[in-house]
Amino acid sequence: MKAEIIAVGTELLLGQVVNTNATFLAEQLADLGIEVYYQTVIGDNRQRLDELLELAESRSELIILCGGLGPTEDDLTKEVTADHLGKGLVQDREAYQKLLEFFETTKRKMTANNLQQSQTIEGGIVLPNRTGLAVGTFIQKESHAYILLPGPPSELKPMFIEQVRPLLIEKFPSKEKLISRVLRFYGIGESQLVTELAELISTQINPTIAPYAKPNEVTLRLTVKTNDVHAGNQALLALEEKIQERVGEYFYGYGDDNSLEKVVVDLLKERGKTVTAAESLTAGEFQATLGKISGVSAVFPGGFVTYSEEAKADFLKIDSQFLRKHGTVSQECAEKMAEQARKLAKTDYAVSFTGVAGPGMLENQAVGTVWIAVASVNDVSAAKFQFTRGREVIRRSAVMEGLNMLRKRILRKK
């Protein structure tokens, strides 16, 4: 089956919104053995959308439209698709009831245009929206299938996973499957990773290796096409072992939705350990990053933001003479910050950050100079980094390095 993804929305064409839905949908369809041949972004225009549907039908059997299901005048996807198929729009009773309950709960007035969110194409299968109000539609006509999904990723993703995937598996069963495994790496750039794996990449046939550079990390997607799930997983395992032999020191976890901070929090939970932080140039960003992970309170009781020399002295109880002697941008300061933070918070580990985020120099240290220390009950160690580019990149890079240093320290036997 050939699939095509059509993202509807003028805001996408203008670059005001990034089209992350296409990436998600393409990966999901690949996992089902459905190949995406075309992806298109189109504005909120009736005639052009109708023409694009006709073009899509000439080259694809499965057409997925995302966006344009809302209540405003420029939300045209449902209406244009229904007209194109010679169908009408009908009200879905459950979606209508959900609309009424929403407006009653929020004490807001429901206007007539809100009703179109609960409409579906006549003869189609309603796709309930667990996280929003606009329902989706699955409809087949002759040799084509059409899926209409909402634009917000927070609505589209659960709708696809919970509603669309089971439908596609039921209606378009395939013996051949695409099985993927995502490996995540930190501390190595994409070019170096590709160089280290050049032999494997140049000879790949099935399974395949696809590198993706992301901010501060690189991922590899290993994909195998197979009729036998067990054999496919064994092929992926064999390929991964070869990759780990070459670049395993940079590997930290699996999965599309994983992250360095999640791995760190999970490690702390598994080992029954706790962590705190003392931050200067990062101004709480490390702690905020940990705070994104559900259940982090079990391993992170709180921390310190000590931007100035006075705050370091007052909050962390570091002697002012010590700070003046060594400077705040120094190994000694970083280590003392981590030691004091751990003692005061009574945790197993502490991470500290001190340095120069810019725009100007500090203590004769260049912009991008950062000291990061990790303290445990038994020891403390610090490392110096020289980051480049802008202030926010420097701060984010420091946070990632701090997470990685903490991860490695947790994994040490002693």
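The values are calculated or read from the model by the stated rules, or taken from the named source; none is laboratory data. Remember, predicted model here, so these are calculated numbers, not experimental data. We place every Cβ from the backbone using ideal geometry, glycine too, and count neighbours over all the protein chains shown. The accessibility values were calculated without ligands, DNA or RNA, using every heavy atom of the protein model including side chains. Shrake-Rupley method; radii C 1.70, N 1.55, O 1.52, S 1.80 Å.
Look at the alpha carbon pairs under 8 Å that are at least 6 residues apart: their mean separation over the length of the chain gives a relative contact order of 10 percent.
Phi angles across the range 134-143 convert, under the Karplus curve 6.51 cos²θ - 1.76 cosθ + 1.60 with θ = phi - 60°, into 3J(HN,Hα) values of 7, 7, x, 9, 10, 9, 10, 9, 6, 9 Hz, Gly and Pro given as x. Only helices enter this figure: runs of n ≥ 4 DSSP H residues, each worth -39500 (n - 2.57), summed and divided by the residues of the chain, yield -12000 deg cm²/dmol at 222 nm to the nearest 500.
By how many degrees, 0 to 90 and rounded to 10, does the Cα axis of helix 229-247 deviate from the longest principal axis of the chain? It works out to around 30 degrees. Rounded to the nearest 20, the Cβ-based charge dipole of the range 36-179 about its Cα centre (Lys and Arg +1, Asp and Glu -1) stands at 460 debye. Around the Cα centre of the chain, unit charges on the Cβ atoms of Lys, Arg, Asp and Glu (plus for the first two, minus for the last two) sum to a dipole of about 1600 debye. When the trypsin sites (Lys or Arg not before Pro) in the range 59-109 are filtered for DSSP coil states and for at most 15 other beta-carbon atoms within 10 Å of their beta-carbon, the remaining sites are Arg59, Lys107, Arg108, Lys109. Ignoring lysines fewer than eight residues from Lys107 along the same chain, the ones with Cα atoms less than 17 angstrom from its Cα are Lys98.
The residue list Leu316, Val370, Asn19 was ranked by how far each Cα lies along the charge dipole of the chain toward its positive end, using unit charges on Cβ atoms, and Leu316 comes out on top.
Between the Cα long axis of helix 93-106 and the first principal axis of the chain there is an angle of about 40°, rounded to the nearest 10.
Within the same chain, lysines fewer than 8 places from Lys269 are excluded, and of the rest, those with a Cα less than 22 Å from its Cα are Lys292, Lys343, Lys346, Lys408, Lys413, Lys414.
Look at the alpha carbon pairs under 8 Å that are at least 6 residues apart: their mean separation over the length of the range 182-287 gives a relative contact order of 29 percent. With 27 Å as the limit on Cα-Cα distance, the pairs of Lys87/Lys225; Lys214/Lys384; Lys78/Lys177 that go past it are Lys87/Lys225; Lys78/Lys177. Summarising the strand pairing of the range 1-135, around 20 percent of its internal DSSP beta bridges are antiparallel.
Placing R0 at 25 angstrom, the Cβ-Cβ distance between Gln97 and Ile161 gives a FRET efficiency of 0.60 after rounding to 0.05. With the gyration tensor restricted to C-alpha atoms of the chain, the semi-axes of the equivalent ellipsoid amount to 48, 28, 19 Å, longest first.
A full extension of the chain between Met361 and Lys225 corresponds to an added length of 43.6 nm, given 0.36 nm per residue minus the alpha carbon distance.
Each residue of the range 128-133 was assigned a 3J(HN,Hα) from its phi angle through the Karplus curve 6.51 cos²θ - 1.76 cosθ + 1.60 (θ = phi - 60°); the sequence is x, 10, 5, 10, x, 10 Hz, with glycine and proline shown as x. Computed about the Cα centre, the dipole magnitude for the range 135-259 is approximately 380 debye when only Lys and Arg (+1) and Asp and Glu (-1) carry charge, each at its Cβ. Of the residues Ile410, Ile34, Val218, the one whose Cα sits farthest towards the positive end of the charge dipole of the chain is Ile410 (charges of +1 on Lys and Arg Cβ, -1 on Asp and Glu Cβ, taken about the Cα centre).
By accessible area, using a 1.4 Å probe on protein heavy atoms only, the range 36-120 has 46% of its surface on carbon and sulfur. Loop-located GluC sites (Glu not before Pro) in the range 283-378 (DSSP state not H, G, I, E or B) with no more than 13 neighbouring Cβ atoms inside 10 Å: Glu363.
The residues of the range 47-112 expose, per residue, 58 Å² of accessible area to a 1.4 Å probe.
Each DSSP beta bridge with both residues in the chain is either parallel or antiparallel, and the antiparallel ones are about 65%. The GluC sites (Glu not before Pro) of the range 52-120 that DSSP puts in a loop, and whose beta carbon has at most 12 other beta carbons within 10 Å, are Glu73. Quick one: Cα centre-to-centre distance for the range 152-208 and the range 59-136, in angstrom? Centre-to-centre distance over Cα atoms comes out at 30 Å.
Surface composition of the range 277-414: carbon plus sulfur atoms contribute 50% of the solvent-accessible area (1.4 Å probe, protein chains only, all chains present). Centroid-to-centroid, using Cα positions, the range 224-249 and the range 262-302 are 32 Å apart.
Once backbone amide H atoms are built at 1.01 Å from N, Gly9 has Ile42, Gly43, Asp44 as its partners under 5 Å, excluding neighbours fewer than 5 places away on the same chain. Rounded to whole numbers, the Karplus 3J(HN,Hα) couplings from phi for the range 335-352 are 5, 5, 4, 5, 4, 5, 4, 4, 5, 5, 8, 6, 10, 7, 9, 8, 10, 10 Hz, using 6.51 cos²θ - 1.76 cosθ + 1.60 with θ = phi - 60°, and x at Gly and Pro.
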